[in-house]
Amino acid sequence: MDLTLTGLAFSAAPGEAAGVALNGKREAWLAAGRGFLEDPKKPKAVHDEKVARLALAAAGIELGGVVHDTALYSYLLQPTTAKHALEDVAVRRLSLRLSGSVAEKADFVGRLAGLLRPEVEGQELVTVFEAIEQPLAAVLAEMEQTGVRLDPRALEEMSAEFDKEIDALTRRTYQLAGVEFNLNSPKQLGEILYEKLQLPLPRRRGKTQAASTAADVLEELAELHELPARVLEYRELAKLKSTYIDVLPAKIHPRTGRLHTSFHQTGTATGRLSSSDPNLQNIPIRTELGNRIRAAFVAEPGWQLLGADYSQIELRVLAHLSDDPVLVEAFQRGEDIHARTAQEVLGVPPLGQTGEHRRVAKMINFGIIYGLTAYGLARRLGIEPAEAQRYIDAYFRRYAGVKEFREQLLEEVRGMGYARTLFGRRRPIPEIGSRNANQRNFAERTALNSPLQGTAADLIKLAMIEIHRRLRQEGLRTRMLLQVHDELLFEGPETEAGRATELVKAAMERVQLPGGVRLKVPLVVGTGLGPNWAALK
Ligand code: CTP
Ligand code: MN
């Protein structure tokens with residue numbers, strides 16, 4: 001294996017970036033090492049290329065020629081393991097502890113590259129590494145560096161508004177309870193719900209959890225009494241206020257005036273990206289509260305935000321992977337897939353459908369993806385489990401290809417112990433053979449969901465790499481800022497908006513797939529422009 005290592009690992013190690021600026025000797029070393037670090041023809045191994053890039057960028061060096069990333073190798077081989085820092089991987093894979101020296105880190109990275117690369121090859125993960133994860137590191141590094149503009153005054157106003165609403169909810173709750181109590185105390189809330197108000201104890205639970213005030217229990221009780229409904233609202237407001245509204249202003253970088261979110265390539269079992277400071281995935285989608293927070297993400301003066309999101313990407317992936325003729329045909333013809341399911345499953349022809357029919361069908365469509373049980377679907381739709389079971393049965397009758405796909409998939413996962421995406425990313429599911437019914441059910445849901453979510457994640461990552469390349473190639477000033485769920489957020493001069501929209505939409509819808517793979521159904525992307533993230537039209 002062609003490995004040139006020297007001291008590169010030190011720049012890849014988290015926390016060493018400061019040393020670049022502070023330590024004169026290191027700066028001198030970096031100056032001498034610049035040629036090596038930037039040379040794309042000198043192959044290197046690093047642990048976490050994204051971090052290495054950011055550290056070196058601070059010293060004015062653009063890292064080139066990375067061929068091994070031992071953090072990504074470790075993640076691709078063990079995506080259900082949470083920790084992939086060098087010290088964790090060294091202990092797990094080499095049974096070695098880091099003592100702290102840079103030379104030792106470099107040595108470990110080199111050894112790990114030699115050990116893990118053959119495993120990555122053996123498990124057919126090279127495509128995911130070379131076509132997706134490795135090139136994505138540079139894209140993410142740039143997105144983090146760019147950051148996103150926040151409107152601190154909007155956040156301040158929101159904080160005051162939220163306080164008012166939280167206050168009003170608190171008073172209403174006291175009124176309903178007939179007494180003041182500590183809303184944040186599960187014990188006191190439990191006493192109000194089950195003793196004072198005499199609400200029924202939740203059935204399915206064991207004795208110890210009987211007085212539960214968990215969200216799902218409150219949701220059920222909310223149908224019987226207003227108080228639990230208000231408590232749920234109170235909790236959501238308080239949570240959003242403390243995790244976003246009150247902490248975001250402090251995260252605005254003093255020099256850039258922007259928020260520099262961190263993206264993590266090794267944080268999820270499915271292959272999706274995760275993010276922190278803030279965790280963008282946890283801002284509620286499609287709710288008024290989530291929108292209020294997104295309104296604080298704004299464009300620079302004279303610039304605009306551009307949002308682009310995939311429409312029903314998991315359902316389209318399901319159509320492709322299952323090859324179900326009805327599903328494939330519906331997407332090929334550009335039909336409204338929820339209306340089609342209303343027709344197939346509820347037996348209502350398009351002209352006779354109401355919004356309610358479509359809503360039920362939509363819940364069934366997404367419920368299938370999440371492997372919802374009849375019970376889960378029933379709760380979401382507010383119907384009896386027996387009726388929900390009839391819908392699920394009807395779904396699998398009408399979409400027989402999906403049923404067959406699901407059965408084959410379960411068979412495969414039982415045999416191999418893992419699920420795979422279209423491009424070979426793996427997700428171990430050892431619980432598939434469990435004798436515990438709960439664990440097994442969860443494993444079966446995961447077996448169906450991982451290839452769909454994981455392939456969707458692969459697709460949007462491929463699109464990001466392509467968009468990043470094309471924006472540069474076309475010399476546009478528009479830049480990619482954020483990725484969350486199936487959505488990408490950009491910022492650019494108003495004068496570029498038309499071209500940028502076209503470029504992004506085309507790259508996402510006609511994303512080039514590794515190995516010349518072609519999807520059987522079209523991908524569809526919606527776009528919107530606006531001054532802030534909540535006002536994209
Ligand atoms: N979504 C979900 N579960 C739901 C609703 C939505 O997981 N019950 C997710 C899906 O990934 C979906 C995305 O949120 O693709 C966007 O939601 P939405 O626009 O409501 O879904 P569409 O299928 O586009 O429905 P519509 O045509 O009504 O907009
Ligand atoms: Mn939609």
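The values are calculated or read from the model by the stated rules, or taken from the named source; none is laboratory data. Bear in mind that the values here come from a model prediction, so they are computed numbers and not experimental data. Every residue, glycine among them, receives a Cβ derived from its backbone with ideal geometry; neighbour counts consider all protein chains shown. For the accessible areas, the whole protein counts, side chains as well, though only heavy atoms, and no ligand, DNA or RNA atoms are used. Shrake-Rupley method; radii C 1.70, N 1.55, O 1.52, S 1.80 Å.
For residue 442, the conditions (1) of a type in the set (Phe, Trp, Tyr); (2) in contact with an Asp or Glu (Cβ under 8 Å, 6 or more places away or on another chain); (3) over 23 Å from residue 426 (Cα atoms) all hold with the exception of (3).
Take residue 327 and decide whether it is buried (at least 22 other Cβ atoms within 10 Å of the Cβ), under 20 Å from residue 533 (Cβ atoms) and more than 13 Å from ligand 1 (Cβ to nearest atom). No.
Yes or no, residue by residue, for (1) under 33 Å from the mean Cα position of the chain (by Cα); (2) farther than 29 Å from residue 288 by Cβ; (3) in contact (Cβ under 8 Å) with a residue 24 or more places away in the chain:
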site	(1), (2), (3)
193	no, no, yes
196	no, yes, no
201	no, yes, no
215	yes, no, no
218	yes, no, no
241	yes, no, yes
247	yes, no, yes
257	yes, no, yes
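Condition check ((1) away from ligand 2 (no atom under 16 Å from the Cβ); (2) of a type in the set (S, T, N, Q)) across all residues:
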| position | (1), (2) |
| --- | --- |
| 226 | yes, no |
| 229 | yes, no |
| 245 | yes, no |
| 268 | yes, yes |
| 277 | yes, no |
| 296 | yes, no |
| 303 | yes, no |
| 311 | no, yes |
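Of everything in the range 353-376, what is aromatic (Phe, Trp, Tyr) and within 12 Å of ligand 1 (Cβ to nearest atom)? Give them in sequence order. Selection gives 366, 370. Within the range 504-519, residues that are more than 19 Å from residue 478 (Cα to Cα) reach partners that are open to solvent by 20 Å² or more (accessible area, probe 1.4 Å) and hydrophobic (A, V, I, L, M, F, W, C) with beta carbons closer than 6 Å, at six or more positions or on different chains, in the pairs 514/131. Given the conditions (1) in the same structural domain as residue 397 (by TED's automatic domain parsing); (2) open to solvent by less than 30 Å² (accessible area, probe 1.4 Å); (3) more than 12 Å from ligand 1 (Cβ to nearest atom); (4) not hydrophobic (A, V, I, L, M, F, W, C), report the number of the one that residue 275 does not fulfil. In the conditions (1) in the same structural domain as residue 397 (by TED's automatic domain parsing); (2) open to solvent by less than 30 Å² (accessible area, probe 1.4 Å); (3) more than 12 Å from ligand 1 (Cβ to nearest atom); (4) not hydrophobic (A, V, I, L, M, F, W, C), residue 275 misses (1) alone.
Quick one: in the range 280-291, of everything that is open to solvent by 40 Å² or more (accessible area, probe 1.4 Å) and over 17 Å from residue 488 (Cα atoms), which residue is nearest to ligand 1 (Cβ to nearest atom)? Within the range 280-291, the match that is nearest to ligand 1 (Cβ to nearest atom) is 287. List every residue pair whose Cβ atoms sit under 7 Å apart, with the two residues 6 or more apart in sequence or on different chains, where the first one lies in the range 325-354 and is more than 20 Å from residue 390 (Cα to Cα) and the second, anywhere, is more than 16 Å from ligand 1 (Cβ to nearest atom). Correct list of pairs: 325/401; 328/520.
Residue 419 fulfils the conditions (1) buried (at least 22 other Cβ atoms within 10 Å of the Cβ); (2) more than 24 Å from residue 119 (Cα to Cα); (3) of a type in the set (A, V, I, L, M, F, W, C) except for a single criterion, (2). Picking from residues in the range 81-95 that are assigned to a loop (DSSP other than H, G, I, E, B) and exposed (fewer than 15 other Cβ atoms within 10 Å of the Cβ), the one that is modelled with the lowest pLDDT is 82.
Would you point out the residue of the range 334-352, among those that are more than 13 Å from ligand 1 (Cβ to nearest atom), outside any helix (DSSP H, G or I) and of a type outside the set (Gly, Ala, Ser), that is least open to solvent (accessible area, probe 1.4 Å)? Result: 348. Within the range 377-401, restricting attention to residues that are in a helix (DSSP H, G or I) and under 15 Å from residue 223 (Cα atoms), the residue that is nearest to ligand 1 (Cβ to nearest atom) is 380. Here residue 358 fulfils each of the conditions (1) within 16 Å of ligand 2 (Cβ to nearest atom); (2) more than 30 Å from residue 75 (Cα to Cα); (3) part of a loop (DSSP other than H, G, I, E, B) apart from (3). Those helices (runs of 4 or more DSSP H) of the range 109-197 in which at least 3 residues are hydrophobic (A, V, I, L, M, F, W, C) and either surrounded by 14 or more Cβ atoms within 10 Å (Cβ to Cβ) or at pLDDT 95 or above (or both), considering only elements entirely within it, cover 134-146, 152-177. Here residue 99 clears all of (1) out of contact with any helix residue (DSSP H, G or I) (no Cβ under 9 Å at 6 or more places or on another chain); (2) open to solvent by less than 60 Å² (accessible area, probe 1.4 Å) except the condition numbered (2).
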